[in-house]
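Novice: Supplied in structure tokens, the structure appears directly below.
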Amino acid sequence: MNVLTDVLKICVTSLVSIALLLLFCRLGGQKQISQMSMFDYINSITVGSIAAELATDLEAWWQPLTATIIYGVAAIVISLAGCKSLRMRRFFEGEPMLLYQDGKLFRKNLLHARLNLNEFLERCRMAGYFDLEQLEAAVLETSGQISFLPRADHRPATPHDLSLTPQPESLSVNLILDGKVLDGNLHRCGKDRKWLEQQLHRQNAGQIHDVFLACLNHEGKLSIFQMEDTPGSNFS
């Protein structure tokens, strides 16, 4: 009986810890791991560890629960303070650092960023720049990513460079997703199911449930992607 009681307690505390983690992740924003500051990263690991302890600490479960709430609330408060105060943002997240500009490497900034020259050159190569002469500047962002500004004669040509005026683009609208019609999107585009079925018939796409994804672009063209369980050929 004691074993069954312990199992039930673990189930309840595990669900509570999962709910808390989900709540704090939702309140903390939509940052990916690569966008986290060092504080965010360490705090998330700490909260995860405490939440795991909450799921198994049956004698004093309220202790890790309290700690999880404190860490989660502190992270949210600090994040909001950083959004409203430039000084707080700089304190917790730091500032972007110039690593390279106009043929000059800034050794102190590289040292402060804990980047040696080989690592910096590797980052450049991974971004497609095998020669520093192709670069105008390189900036280390607060997320740890390096932003590169290519020289004018090494950047891709744009329509502005070619004196072209292309038509403005807009997002495509999903009309079918996973074999299900998104009626709200369909109506917002001024279409109905009859029109959609006609388009499927015209492109020999079968029935609605046979379509994995259907998108309508700004030019009124419907792109249809049918469901396939296995690829037609292997790459190996």
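What follows draws every value from the coordinates through simple rules; no lab data is involved. Keep in mind that this is a model prediction, so the values were computed, not measured. All Cβ positions, glycine included, derive from the backbone under ideal geometry; neighbour counts span all protein chains shown.
Novice: Only sites in a loop by DSSP and with at most 13 other Cβ atoms within 10 Å count here; which trypsin sites (Lys or Arg not before Pro) in segment 45-122 make the cut? Mind dumping the intermediate values first?
Specialist: Details: sites: LYS84, ARG87, ARG89, ARG90, LYS104, ARG107, LYS108, ARG114; in loops: ARG114.
Taking segment 45-122 and a limit of 13 other Cβ atoms within 10 Å, the loop trypsin sites (Lys or Arg not before Pro) found are ARG114.
Novice: Each label point is 7 Å from the Cα along the Cα-to-Cβ direction; what then is the distance between the points at ALA127 and ASN109, in nm?
Specialist: Taking the two extended label points, one gets 1.1 nm.
Novice: Please give me the summed charge of the neighbours of GLY103: other residues whose Cβ is under 12 Å from its Cβ, Lys and Arg +1, Asp and Glu -1. Show your work: numbers first, answer last.
Specialist: Details: positive: LYS104, ARG151; negative: ASP102, ASP131, GLU133, GLU136.
Value of the local net charge: -2.
Novice: Compute the Rg to Rh ratio over the chain from the alpha carbon atoms, using the Kirkwood formula for Rh, and round to two decimal places.
Specialist: Details: Rg = 26.5 Å, Rh = 23.9 Å.
Taking Rh as the inverse mean 1/r over Cα pairs, Rg/Rh reads 1.11.
Novice: Where in the chain is the longest stretch that carries no chymotrypsin sites (Phe, Trp or Tyr not before Pro) classed as loop by DSSP and with at most 14 other Cβ atoms within 10 Å?
Specialist: Details: sites that count: PHE130, PHE235.
Value returned for the longest uninterrupted segment is 1-129.
Novice: While we're looking at this one, here's another question. Calculate, for GLN145 and LYS221, the FRET efficiency according to 1/(1 + (r/R0)^6) with r their C-beta to C-beta distance and R0 35 Å; round to the nearest 0.05. Walk me through the numbers on the way to the answer.
Specialist: On the way: r = 35 Å, r/R0 = 1.01.
For GLN145 and LYS221, the calculated efficiency is 0.50.
Novice: Identify which of HIS160, HIS112, HIS187 has the largest mean-square fluctuation in a Gaussian network model of the chain, with springs joining Cα atoms closer than 10 Å.
Specialist: HIS187
Novice: Divide by every residue of the chain the summed helix terms, -39500 (n - 2.57) for each DSSP H run of at least 4, and state the resulting mean residue ellipticity at 222 nm, rounded to the nearest 500 deg cm²/dmol. Please list the in-between numbers first.
Specialist: Values: 8 runs with 108 residues, N = 236.
That calculation yields -14500 deg cm²/dmol at 222 nm.
Novice: So for segment 74-131, what percent of the C-alpha to C-alpha distances run longer than 14 Å? Let's see the in-between values first.
Specialist: Numbers: 1086 of 1653 pairs.
Above the 14 Å cut-off, segment 74-131 has 66 percent of its Cα pairs.
Novice: Relative contact order of the chain, please, whole-number percent, based on alpha carbon pairs below 8 angstrom and at least 6 residues apart. Show your work: numbers first, answer last.
Specialist: Details: 242 pairs, mean separation 29.0, N = 236.
Reported relative contact order: 12 percent.
Novice: Right, here's the next one. No solvent, one uniform scatterer per C-alpha: report log10 I(q)/I(0) for segment 41-155 via the Debye equation at q = 0.10, 0.21, 0.24 1/Å, two decimals.
Specialist: Each listed q maps to, in turn, -0.50, -1.05, -1.21.
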